[in-house]
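Throughout, read-outs are computed from the coordinates displayed, never taken from laboratory work. Bear in mind that the values here come from a model prediction, so they are computed numbers and not experimental data. Every residue, glycine among them, receives a Cβ derived from its backbone with ideal geometry; neighbour counts consider all protein chains shown.
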Amino acid sequence: MAREVLRWTPETTWGTFDALATPIIIQLDQSNQFTMRKKPVEWMIRSAGGYNRRVQKGSAKYLLQGALNMLVFDTQLATMAPALFASTSNTLGSATIDHFAVMEDSGSTKWYGRYLGVMCPQVGVAAKESDQLMRLTLQMQAKTFATITDSDLPEPDATDYPYTNPYVFEHAGAFTLATSRSEFEDFSLTIKNMIDFRFMRSSTPQRAKYVGRDVDFAIRFPWIVTADRAAMEAQTALAASVTFTNGSNSVEFEFNSNNYVADVTDDLSQDKVFMQGISGQCFFDPNAGTPDDLTVTVV
C-alpha cells in the first residue's frame, strides 16, 4: 500500500473538477515533495487595555498555498503544460490535485484532500550534470479545498505510475546563446506567472486572472569565450534556446531573440575547470514567428 498518493487532473473550468479529463499520478520519489495545506488568513487585535498584549484573533478567509517538487516524465509533461506555460493566447490553465497520506495512528487511517483551481505563480525547471534528473519545482495556489474519500481517489495500480524514462540532463541538445554551445552544465529556468487572486468578499478566491510573467534562465559554460561578458556590458540582445529530447518525445524552450545577459559570474577554482555562470533575462520578441518571451513546445 502506498503511504502517499498525488493525482493531477487538468481543469476545463477554474476550480471545477473535470471528471472527463485524463489524470496523471505523480511519482513521489523524495520526502515532503507536496506541501500545499489549508491555512487561515488571520486577523489579530492588540489592546492598550491589555497592556499592549494580544487580546483577540480570528479569521474569515483562508489560503491554499504550497509547493510541488517532482520528476519530469515525457508522458506527463504535455498533460501539465497548460497550467505551467501560458499559451500564445495569453491564457494559463489550472488543475485539481487530489492527495492522500497514511497517518501514523494504530489504524493506518488515510487522510484525503482535494485542491481545486490550482494555479502556478512560479514554475522552476532544472537539469544539471551533478544529479542528472530534470525536476519541476512549482509554487502553487488553489481556489478551494474539498474532503474526498477512497471512492474519489482509489489506490493507484502499479501501471498508473509513470515508468517511461524521465528527462535527464544528458537529453539536452546544444544550448544557443547567440551561438550554439555544445558544452554546458546546470541549466535552470524560472517562470514567474503573475496571477491576480481576488477574494471579492468571500472566504476563498473568486477570481484568478493571469496578467503576465517574467522569464529568466541560468546556465554554466566552460570559460572559453569573452563574448558573454561583453554582451552584458553592452546590453546586447541575444537569441537563446534549448531542446531536451527523450526518444520520440521532446520539450523545446525557445526564448526567441530578445534576451539579455543579466550577470556573468567567474568560477576560477584552482583544482577544477574554469567556468562562467550566466544569468539571462527574457524579453518579449515582437519579431519572432510566435511573438513572445518564451515558447514551450512539448511533443
*Under a plain spin-label model, where a point goes 7 Å from the Cα along Cα-to-Cβ, how far apart in nm are Arg207 and Ser269?*
5.1
*What are the residues whose amide H is under 5 Å from the amide H of Gly212, where those residues sit 5 or more places off or on another chain and H is modelled from the backbone?*
Met194
*Using a Förster distance of 45 angstrom, determine the FRET efficiency expected from the C-beta separation of Arg53 and Asn32, and round it to 0.05.*
0.80
*Under the Karplus relation 6.51 cos²θ - 1.76 cosθ + 1.60, θ = phi - 60°, what is the ordered set of whole-Hz ³J(HN,Hα) values for segment 99-104, x standing for Gly and Pro?*
9, 9, 9, 8, 6, 9
_Expected output is a single nm value to one decimal: the length gained when fully extending between Trp223 and Ala19, i.e. 0.36 nm times separation in residues minus the C-alpha distance. What is it?_
68.2 nm
*Using the beta-carbon distance between Ala174 and Trp111 and R0 = 30 Å, what value does 1/(1 + (r/R0)^6) give for FRET efficiency, to the nearest 0.05?*
0.05
*Which of these values of mean projected area of the Cα convex hull in nm² was calculated from the structure shown: (i) 24.6; (ii) 22.3; (iii) 17.3?*
(ii)
*Tally Lys and Arg at +1 and Asp and Glu at -1 over the other residues with C-beta under 11 Å from the C-beta of Met194: what net charge comes out?*
+1
*What does the helix-only formula give at 222 nm for the chain: each DSSP H stretch with n ≥ 4 adding -39500 (n - 2.57), the total divided by the residues, and the result rounded to the nearest 500 deg cm²/dmol?*
-1500 deg cm²/dmol
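At a Förster radius of 35 Å, what calculated FRET efficiency corresponds to the Cβ-Cβ distance of Ser130 and Ala234, to the nearest 0.05?
Numbers: r = 32 Å, r/R0 = 0.92.
For Ser130 and Ala234, the calculated efficiency is 0.60.
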_Extension gain (nm, one decimal) between Thr245 and Ala81, 0.36 nm per residue minus Cα-Cα_ = 57.4 nm
*Would you give the gap between the C-alpha center of segment 137-168 and the C-alpha center of segment 189-263, rounded to a whole Å?*
27
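Which order, highest average first, do 290-299, 266-275, 253-262, 196-205 follow once you tally other Cβ atoms within 10 Å for each residue and take the mean per peptide?
253-262, 290-299, 196-205, 266-275
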*Can you tell me how much longer the chain between Tyr62 and Arg46 gets when fully stretched, taken as 0.36 nm per residue apart minus their C-alpha distance, in nm with one decimal?*
3.6 nm
*If you count, for each residue, the other Cβ atoms within 10 Å and average over each peptide, how do 164-171, 177-184 line up from highest to lowest?*
164-171, 177-184
